């Protein structure tokens, strides 16, 4: 699987000026120095403070798992009857590159050798980096990975470039340090390069230093569901080169790329054959594939493919950043659980199979929406700013009352809806009354926010739960609390629908309830 | 096992002024709010972004382990023939409170319910806190735990109270933030209360704010090997109350308390019966047992008893600190690996058994030292400042040339040696020459440091590896690089011997080599 790196690839450039004072100030532990002496022939070491392996209570570990070639039965998600057994023997033998005695012991902060090598191979094959000296390093999943990157790059009170909506836990890592978001507007592919350039070019240095880090979820963005294609990535990357910005590519959904939804065509059941090469060829490629300078830090994870509970992920980045992240790892987490670090085989087969499951789930949701709403392509719907498909009440296609619009996701777990509050009479009254209250209170008024809370409560009363748009609003500071102050679209709200967890029946019924509430609310006088 | 809390115990006092700005600024994720709605009867949730459990590849997990009542064979640490099998079924059943489907999924940051309850019970039984509103919270082992406590309590450039020697990774967590150590002198029990009081009373505010955090490893201190008894703990605690200091009790070796070494008496083999109550009764009790204000944060871990690779530990502290640590956990690590969080049964039986193994290993090392040196109790050896036992060359007991002294540890994995460089001619010449170079260079001269490096290299050349004293020197700032500037004992160096990892034969041979080098070096003219 290892592909030799062509000798023509450039090395990464020096980006050490992006490091925080804390990241620069980390020193290797003196305990690491001594390890070289331990392997000196004839040496007796009274130095290492490790427990003798005979003092661990475990003798063997075994897991049963589906064979990676299993085609899961989407319609009835029961346990397949076939399973394979993975053995971790106490000591390494021909059946396993992992030994229990090494998984139980303190281990290298970078990760167990076999797994670390696997992440490097996977990065090489799937991301095909455009420079030579990249490396990988394990972490405890992307929450941990992103937190470590924040310590690596963000000084207190820094500004950071983010997309129009952000996963709340991602910003919860940096908000307590006084960091604020600079929001880059999006379309159906995520952040737009021209808006990024505009934000950086016009940066007002009196606010603080120009942002030097951009956080992007390029595939199946949470909550936007958007996936960025190659040309957009290149345009974003070029702006980041011009303004010396480090790109943090958080890509948990990269293995869940399942392709387009075609309105009006019957949806197919999960494929019965597994074609890894086709899957890999059709994937949108990592920012690493265009990164000739080494300014991308990629966060990858096994959470969506194997198990979130394993808390296991990895960084792929230039070796300078990786070395500083390793120094951080030594004192932040030491290393991921040894119990999580074993038994990766047939990973790509499994993922190829798995993404079909998510494709079918996406189709369940889209089909349910098509059944409960009139869906019209945005190009013909005549709704200003709409992308993808516009939803009208049944029989109301093309009317002056669009309910919502969305871009059917090609990856991930989520569908993001722009909801047209401005088509409702109650919202129109709310907006008018806040304007009539005069200039001062009008500046504080947030009719979109107010209506969104009411509407969400109405959905809860109808027994359908969605996540409301305000969960994902980037923190820009106290003075940006209203749609108006943020420069958002007037009269538009948002919610996120997840198709990862519920079954087909529940998704259909949930969407039916959603449609019922919207039809009723949008018909109110 | 749960002991009801007597109603007379006080509540913790308000210690929120100890929190850092970052710790105060953390907010709960909005995603947590929505969980209550998910359990509303009839609700269909399109909100939760979790993978459907049928999309995880595992179906069962199984481990083989020694029965907790196994008496390990110290002399020949092979795998006992008996083992028990622990099953984690896909769904909870009567055989296990842990289900694989919940361990594989995202889970509560505080930890899986059954394990969290177990840590609370264990804290209640072993630590018997002196206030009512304490709680426990899982973490990814004590490295992670301590790092989280640093974020909770230490502002950049704070001073922190530490013992005379410190585990390097512990200080590597705070040094990059500009924090410096205030070193409290020790005796055979660790930090001395009168020296702590002196450091706090005489604090010079012009250096920075008075230290408000003390980091203590009270049992089997690494590297000192010291264990603090009840009266000392009380005296330290009272000083911390007086000066409003939070005590962080890092106690990884608490289950490895194995009792005194008696010089000249034959050492016993590992006990063949397991008496948990006696073990628990003889343990030195946690600072929590005297903590009537809630100012102790205790770090506990499964690393030394079950497996360091599991990266699993827990905090025990007041509920205000715990809530802030939980907010940190959400963005720092999310939760420990689910693969680590299962199968705790017979823990105290296993630990009672295990500590005997460490007792026997301590005895191996002490017996080897007694065979290679003349050991004389410090009270009669006439060596200024010596504690415990003083080692002379064979046949040289009571001479003017002590080689080293040490307090035989009653817990943990380590023996700390004070080494009398001043008894050697080469050191005496080195010290004299640095004095004769005049006042300026004398201030920079560090003959102890210089000699320690040379001596350590001589040991390496003789194929015996110890960790040198300088590894464990607390960082006080650039101006404290010499023994003299730190107020250390002139002419005394240190090394640490570990008895946790090597076998009996290797320990004996290692000590023999050590003695041979010391005899030769101390005889040099």
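Throughout, read-outs are computed from the coordinates displayed, never taken from laboratory work. Not measured: the values here are computed from a predicted model. Please note: Cβ atoms are built from the backbone with ideal geometry, for glycine as well, and neighbour counts cover all protein chains shown.
The convex hull defined by the C-alpha atoms of segment A:79-184 has an orientation-averaged projected area of 11.4 nm². Under the shape rule built on the C-alpha gyration tensor, where the axes satisfy a ≥ b ≥ c, segment B:94-354 is oblate, since a/c reaches at least 1.5 while a/b does not exceed b/c. Here the extension length gained between residue B:230 and residue B:85 equals 48.2 nm, from 0.36 nm per residue of separation less the Cα-Cα distance. Both radii are taken from the alpha-carbon atoms of segment B:258-314; with Rh as the Kirkwood radius, Rg/Rh is 1.07. Using the Cβ-Cβ distance between residue B:276 and residue B:13 with R0 set to 35 Å, the FRET efficiency from 1/(1 + (r/R0)^6) comes to roughly 0.55.
Axis angle, to the nearest 10 degrees, between helix A:447-461 and the longest C-alpha principal axis of chain A: 80 degrees. Ellipsoid semi-axes for chain B, based on the Cα gyration tensor and the rule √(5λ), read 43, 30, 20 Å when sorted largest first. Inter-copy label distances at residue B:506, shortest first and taken from points set 7 Å along Cα to Cβ: 5.2 nm. Diagonalising the gyration tensor over the Cα atoms of segment B:201-315 and scaling each eigenvalue by 5 before taking the square root yields semi-axes of 31, 17, 14 Å, largest first.
Angle of helix A:230-242 to the longest C-alpha principal axis of chain A, folded into 0 to 90 degrees and rounded to 10: 70°.
Taking 0.36 nm per residue of sequence separation and removing the Cα-Cα distance, the residue A:401/residue A:69 pair yields an extension gain of 114.8 nm. Using C-alpha pairs under 8 Å with a sequence gap of at least 6, the mean separation divided by the residue count of chain A gives a relative contact order of 17 percent.
Summary value for segment A:414-525: 44 percent relative contact order, contacts being C-alpha pairs under 8 angstrom separated by 6+ residues.
Summarised in one figure, the compactness ratio Rg/Rh of segment B:333-391, Cα atoms and Kirkwood Rh, is 1.32.
Take B:137-145, B:199-207 and order them by the average number of nearby Cβ atoms within 10 Å per residue, most first; the result is B:137-145, B:199-207. Starting from a Cα-only point model with no solvent, please compute log10 I(q)/I(0) by Debye for segment A:274-362 at q = 0.11, 0.12 1/Å. One equal scatterer on each Cα of segment A:274-362 leads to -0.43, -0.51. The same position residue A:40 in the other copies lies at 7.0 nm from this copy, comparing label points 7 Å beyond Cα toward the beta-carbon, shortest first.
Computed from the C-alpha gyration tensor, the three semi-axes of the ellipsoid equivalent to the protein assembly as shown are 56, 31, 28 Å, from longest to shortest. Scaled against 2.2 N^0.38 Å for its residue count N, the alpha carbon radius of gyration of segment A:356-523 is 1.06.
If a spin label sat at a point 7 angstrom from the Cα of residue B:319 along the line to its beta carbon, the backbone N atoms of segment B:102-132 nearer than 14 Å would be those of B:131-132. Can you tell me the 0 to 90 degree angle between the C-alpha axis of helix A:425-436 and the longest principal axis of chain A, rounded to 10? For A:425-436 against chain A, the angle is about 90 degrees. Quick one: Cα centre-to-centre distance for segment A:359-397 and segment B:18-73, in angstrom? Their Cα centres are 35 Å away from one another. Take the Cβ atoms of residue B:394 and residue B:525, set R0 to 25 Å, and the FRET efficiency comes out at 0.80.
Here the sum of -39500 (n - 2.57) over DSSP H runs of 4 or more residues, divided by the residues of the protein assembly as shown, equals -10000 deg cm²/dmol at 222 nm, to the nearest 500. On the beta carbon distance between residue A:36 and residue B:117, with R0 = 56 Å, the FRET formula returns roughly 0.80.
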